[in-house]
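Okay, so here's the structure we're looking at.
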């Protein structure tokens with residue numbers, strides 16, 4: 001049976017996004033392969049650009065429920081197809097997490113043994129962060145009370161709304177054919193570099209999600225792969241409010257800013 005191109009595009013594109021992105025986090029935390037947030041961020045950005053270049057003609061390369069919902073709200077995407085796109089994005093993210101876990105299984109066990117981390121116990125967000133996201137960024141270590149005090153759930157929520165709004169605003173702006181200054185043929189690279197910039201700025205605070213599928217798919221995998229309740233209890237309800245609701249809201253804010261300011265200006 002031949003799959004519709006949009007299913008192939010959204011599944012493969014989201015798979016690659018998570019594979020390269022979460023893979024860069026795994027390599028940094030477990031093996032010290034990247035030094036500093038920028039090196040992780042640039043791998044994320046280039047991975048996203050590659051995924052968009054590869055799948056844009058198949059599905060439009062949304063690869064993110066926040067983008068899909070923003071496009072639907074602006075009338076640029078049929079509302080009836082939103083649920084299907086999100087389901088496929090989630091599946092692609094979940095599959096990528098499973099593959100990454102298989103690749104890094106040995107390194108994970110060695111890291112946990114060396115640092116006294118018991119998977120599924122308090123503090124194991126130090127390694128669960130390879131899959132789902134936490135605030136503040138654990139940096140491969142258990143979150144302490146002092147670390148938690150620097151980033152409240154409310155602040156994390158606002159950061160994710162703002163970051164996603166900026167990302168969606170850029171996506172809509174650089175893909176608008178009426179924008180005479182758009183980077184013809186290079187929009188995926190600009191979008192990827194935008195993600196790089198946002199992760200560089202906001203990654204130390206919330207790990208810079210901006211994409212519910214990217215977070216929730218791998219988070220679900222980590223819960224099934226031994227971390228148990230940790231992915232859903234470390235930040236309380238933050239897994240839902242900060243990493244699902246905030247990006248969806250941020251996407252709507254970015255779409256509204258685009259419609260009110262940029263789309264009207266491009267049309268003149």
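The values are calculated or read from the model by the stated rules, or taken from the named source; none is laboratory data. Bear in mind the structure is a predicted one, so any value in this text is a computation, not a measurement. Positions of Cβ are generated from backbone atoms using ideal geometry, with glycine treated the same way; all protein chains shown enter the neighbour counts.
Go through the range 96-121 residue by residue and tally those that are within 14 Å of residue 222 (Cβ to Cβ), in contact (Cβ under 8 Å) with a residue 60 or more places away in the chain and surrounded by 19 or more Cβ atoms within 10 Å (Cβ to Cβ).
Final tally of qualifying residues: 6.
Pairs please, first residue from the range 216-232 and at positive phi, second anywhere and outside any helix (DSSP H, G or I), Cβ atoms under 8 Å, 6+ apart in sequence or on different chains.
226/119; 226/120; 228/120
Grab the helices (runs of 4 or more DSSP H) fully contained in the range 152-268, keeping just those with 2 or more residues being closer than 23 Å to residue 45 by Cα and at pLDDT 95 or above.
Once the helices (runs of 4 or more DSSP H) in the range 152-268 are filtered for at least 2 residues that are closer than 23 Å to residue 45 by Cα and at pLDDT 95 or above, what remains is 153-174, 187-206, 212-222, 246-257.
Return the only residue of 28, 49 being touching a residue at least 12 places away in the same chain (Cβ under 8 Å), more than 16 Å from residue 211 (Cβ to Cβ) and touching a helix residue (DSSP H, G or I) at 6+ places or on another chain (Cβ under 6 Å).
28
Answer yes if at least one residue in the range 1-12 is in contact (Cβ under 8 Å) with a residue 12 or more places away in the chain and under 14 Å from residue 214 (Cβ atoms), and no otherwise.
Checked against the condition, which is being in contact (Cβ under 8 Å) with a residue 12 or more places away in the chain and under 14 Å from residue 214 (Cβ atoms), the range 1-12 yields at least one hit.
Among the residues of the range 60-74, are any surrounded by 23 or more Cβ atoms within 10 Å (Cβ to Cβ), more than 22 Å from residue 167 (Cα to Cα) and within 15 Å of the chain's Cα centre (by Cα)?
Checked the range 60-74: no residue is surrounded by 23 or more Cβ atoms within 10 Å (Cβ to Cβ), more than 22 Å from residue 167 (Cα to Cα) and within 15 Å of the chain's Cα centre (by Cα).
Given the condition part of a loop (DSSP other than H, G, I, E, B) and farther than 16 Å from residue 210 by Cβ, answer yes or no: does some residue in the range 101-111 qualify?
Checked the range 101-111: no residue is part of a loop (DSSP other than H, G, I, E, B) and farther than 16 Å from residue 210 by Cβ.
Checking residue 77 against (1) surrounded by 16 or more Cβ atoms within 10 Å (Cβ to Cβ); (2) within 24 Å of residue 204 (Cα to Cα); (3) without any contact (Cβ under 8 Å) to a residue 60 or more places away in the chain, which single condition isn't satisfied?
Condition (2) is where residue 77 drops out.
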